[in-house]
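Let me begin by presenting the structure, written as structure tokens, before commenting on it.
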Amino acid sequence: MPIHRSVKTLLSKVAWHAYNSYRKGARYRSRFSQAAALLDAPRETIVAFQKERLETLLQHAYETTPYYRELLKTESPDISEIPPLEKQDVRNQLERLCSEAFSQEQRIKNATGGSTGTPLTFYQDRNYWNQRNLSVYYFDRWAGWNFGEPQLIIWGAPADLKGDEHWKHRLNNLWRNQYWLDGFRLTDEKMQAAFEWMEQGYPQTILAYPSSLYQFVTFLSEKGLTSRWQLKGIIASAEMLHLHYRALAEDVFNTKVYNRYGGREVGLIAMECAEGRMHINCRDIYLEINSPNPYTEPGEILVTQLNNYAMPFIRYRIGDIGCLSNEVCPCGNQLPILAELLGRTTATFRTRTGTLIHGGYFTQQFYRIDGVSQFQVIQETLKHCVLKLVINEKWTDATRRHLVQGIQRVLGGDVIITIEFVEEIPLSTSGKREYTISKLATPVND
Ligand SMILES: [Zn+2]
């Protein structure tokens with residue numbers, strides 16, 4: 001790596017540490033070491049840690065939230081007997097789920113448009129975010145990431161940046177030593193520019209949506225562009241990593257793709273190791289499989305978030321299906337293994353000019369929309385989209401305009417959008433949860 005790039009990496013590393021010390025307190029480095037030590041610990045230590053954290057959380061939930069006080073009836077219930085928390089409960093019981101121990105100002109609002117098809121608003125606290133970031137730092141290092149080292153990010157641009165926010169976003173990218181390629185709207189020009197940056201920027205890792213990554217490597221492979229720089233690894237997150245996505249990306253960059261599984265509601269749930277197993281993030285997450293035999297029969301994944309005391313998520317039905325494995329991983333890490341993860345799929349839409357639009361763009365339009373309980377966006381033809389909606393009492397004409405304009409902004413102002421109000425969004429024939437569908441896409445099977 002040329003000297004000026006090494007200097008930039010060094011400066012960015014210093015900036016990262018300054019930022020973390022400012023945001024998370026001067027002791028964050030020792031907290032990071034403690035977090036890493038636990039995630040590297042023997043199984044007995046992990047099990048004991050989880051038992052203690054779970055008991056404390058249940059007691060806190062019982063004592064300080066109206067919802068759990070009524071539901072649990074005791075401060076030390078048997079977790080397996082607690083009814084799962086549904087997305088509908090989060091929507092309908094939002095205030096009752098919040099802890100009375102946190103003031104309005106101490107809550108941090110977050111939302112998901114939902115690759116899972118159910119838009120939700122919820123709250124997290126400062127400690128949740130600190131712990132979540134420590135976990136991301138720890139697990140991303142499995143894929144070769146480190147503070148300050150250059151990274152290419154292929155991710156949806158933050159929604160509706162206004163005024164100064166553009167500058168903030170740029171400034172963040174600068175000091176973090178990141179290059180951001182908008183994964184929602186990948187054009188040939190932008191992909192070409194990102195490739196040229198890679199040749200000069202010497203990224204160590206790529207962080208990407210699997211489907212955007214696939215689009216990028218398809219472009220590179222069709223153009224015959226091969227990177228002269230060796231990446232340490234690629235982190236794929238936020239949707240299903242199909243086998244053909246992984247195969248092409250690993251081939252084009254001659255490196256390994258690491259699958260990272262999580263959700264905005266609960267943070268990082270599991271991460272793939274160098275041996276290709278998904279290890280569960282037991283420091284933040286207590287994970288159960290709703291199945292008579294979680295080791296042989298896949299079932300719905302129930303997630304308990306161990307750090308979000310502002311609004312406890314206990315046995316939250318996140319909407320994905322999985323199975324556990326009891327094998328001992330050759331990588332040496334003793335965190336339990338999540339096998340056969342079946343999750344969210346995202347379609348890629350096409351415009352009349354040939355631009356491809358990531359399905360995440362459409363789900364992002366549902367962020368902080370209160371009037372829609374469930375949705376499905378279907379591209380029927382280049383000129384016609386169907387929006388299937390399960391609405392509630394907060395639906396207004398303004399919501400309708402917001403959604404129509406959001407879709408027309410990328411697909412074209414003259415695209416006809418038919419809204420169908422339905423009772424529920426059915427599962428697809430394959431049983432998969434599909435909330436964005438494009439009938440123009442060429443189906444590819446793994
Ligand atoms: Zn492993």
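Computed quantities for the displayed model
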{"read-out": "In segment 340-376, residue farthest from the chain's Cα centre (by Cα) [restricted to those that are of a type in the set (A, V, I, L, M) and farther than 22 Å from residue 187 by Cα]", "value": "372"}
{"read-out": "Residue in segment 190-197 that is surrounded by fewer than 22 Cβ atoms within 10 Å (Cβ to Cβ) and under 22 Å from the mean Cα position of the chain (by Cα) present", "value": "no"}
{"read-out": "Segment 253-269: number of residues that are touching a Ser or Thr at 6+ places or on another chain (Cβ under 7 Å) and surrounded by fewer than 19 Cβ atoms within 10 Å (Cβ to Cβ)", "value": "1"}
{"read-out": "Test result for residue 272, closer than 27 Å to residue 367 by Cβ, among the charged types (D, E, K, R) and crowded, with 23+ Cβ neighbours inside 10 Å", "value": "no"}
{"read-out": "Residue in segment 332-347 that is closer than 29 Å to residue 60 by Cα, touching a residue at least 24 places away in the same chain (Cβ under 8 Å), more than 16 Å from the ligand (Cβ to nearest atom) and touching a Cys at 6+ places or on another chain (Cβ under 6 Å) present", "value": "no"}
{"read-out": "Of residues in segment 271-292 being touching an Asp or Glu at 6+ places or on another chain (Cβ under 8 Å) and more than 16 Å from the ligand (Cβ to nearest atom), the one modelled with the lowest pLDDT", "value": "291"}
{"read-out": "One residue from 379, 374, 408 being without any contact (Cβ under 8 Å) to a residue 60 or more places away in the chain, more than 16 Å from the ligand (Cβ to nearest atom) and either outside any strand (DSSP E or B) or surrounded by 14 or more Cβ atoms within 10 Å (Cβ to Cβ) (or both)", "value": "408"}
{"read-out": "Sole exception among (1) surrounded by fewer than 21 Cβ atoms within 10 Å (Cβ to Cβ); (2) free of Cβ contacts under 8 Å to residues at least 60 places away in the same chain; (3) of a type in the set (A, V, I, L, M, F, W, C) for residue 243, by number", "value": "(2)"}
{"read-out": "Flag for residue 327 being within 16 Å of the ligand (Cβ to nearest atom) and over 15 Å from the mean Cα position of the chain (by Cα)", "value": "yes"}
{"read-out": "One residue from 317, 260, 228, 283 being touching a Lys or Arg at 6+ places or on another chain (Cβ under 8 Å) and of a type in the set (Lys, Arg)", "value": "317"}
{"read-out": "For residue 385: the one exception among (1) under 30 Å from residue 135 (Cβ atoms); (2) over 23 Å from the mean Cα position of the chain (by Cα); (3) assigned to a strand (DSSP E or B)", "value": "(1)"}
{"read-out": "Some residue of segment 141-158 being free of Cβ contacts under 8 Å to residues at least 24 places away in the same chain, assigned by TED's automatic domain parsing to the domain that holds residue 180, part of a loop (DSSP other than H, G, I, E, B) and surrounded by fewer than 17 Cβ atoms within 10 Å (Cβ to Cβ)", "value": "yes"}
{"read-out": "Conditions (1) surrounded by fewer than 20 Cβ atoms within 10 Å (Cβ to Cβ); (2) among the aromatic types (Phe, Trp, Tyr); (3) closer than 21 Å to residue 187 by Cβ; number of the one not met by residue 229", "value": "(3)"}
{"read-out": "Residue that is nearest to the ligand (Cβ to nearest atom) [pool: residues in segment 293-323 that are at pLDDT below 95 and closer than 21 Å to residue 53 by Cα]", "value": "301"}
{"read-out": "Output for segment 24-43, where each listed residue is within 26 Å of residue 304 (Cβ to Cβ) and assigned to a helix (DSSP H, G or I)", "value": "24, 28, 31, 32, 33, 34, 35, 36, 37, 38, 39, 43"}
{"read-out": "Number of the condition not met by residue 398 [criteria: (1) in contact with an Asp or Glu (Cβ under 7 Å, 6 or more places away or on another chain); (2) within 30 Å of residue 440 (Cα to Cα); (3) of a type in the set (Gly, Ala, Ser)]", "value": "(1)"}
{"read-out": "Members of segment 224-258 found to be basic (Lys, Arg) and at pLDDT below 95, listed by number", "value": "228, 246"}
{"read-out": "Test set (1) buried (at least 17 other Cβ atoms within 10 Å of the Cβ); (2) outside any helix (DSSP H, G or I) - residue 46 fails condition number", "value": "(2)"}
{"read-out": "Odd one out for residue 121 among (1) in a strand (DSSP E or B); (2) β-branched (Val, Ile, Thr); (3) under 20 Å from residue 20 (Cα atoms)", "value": "(3)"}
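The values are calculated or read from the model by the stated rules, or taken from the named source; none is laboratory data. Here the structure is a predicted model, which means the values were calculated and not measured. FYI the Cβ positions are ideal-geometry reconstructions off the backbone, even for glycines, and counts take in every protein chain you see.
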